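Below is one structure, written out as structure tokens; comments come after it.
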Amino acid sequence: SETRGHHAKKRNTQVLVAIGGEAQLMLEAPNGEQFTFDLTSNDHGLLVPAGYWRSAKLWKGCFLLGLHSIKYDEGDYI
């Protein structure tokens, strides 16, 4: 397994989809509340609002597809 992410976005809202395997997503809301979600098939995704800290644990063979609300901007990372 590999852990990825460890960041938040200032303006970008994302939908994350696990392709070819399974992933566990950990989110932290701006108020500190924490959530954990298991993505076990590619027919489900997770909407991650802007401002939420995220990290993802990916199991072997898994790729995490991110669909973004805005064009990539390095300055959008927190």
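The values are calculated or read from the model by the stated rules, or taken from the named source; none is laboratory data. Quantities reported herein were computed from a predicted structural model and do not represent experimental measurements. FYI the Cβ positions are ideal-geometry reconstructions off the backbone, even for glycines, and counts take in every protein chain you see. Areas reflect the complete protein model, heavy atoms only, side chains present, ligands, DNA and RNA absent. Shrake-Rupley method; radii C 1.70, N 1.55, O 1.52, S 1.80 Å.
So here's what we get for this one:
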| item | result |
| --- | --- |
| Formal net charge of residues neighbouring residue 27 (Cβ-Cβ distance under 15 Å; K, R +1; D, E -1) | +1 |
| Full-extension gain in nm, residue 42 to residue 60, via 0.36 nm per residue minus C-alpha separation | 5.0 nm |
| Accessible carbon and sulfur surface of the chain relative to its total accessible area, %, 1.4 Å | 52 percent |
| Residue-normalised accessible area of the chain, given per residue in Å² at a 1.4 Å probe | 65 Å² |
| Alpha carbon convex hull of the chain, volume per residue in cubic angstrom | 82 Å³ |
| Virtual spin-label span in nm between residue 1 and residue 72, 7 Å along Cα→Cβ | 2.8 nm |
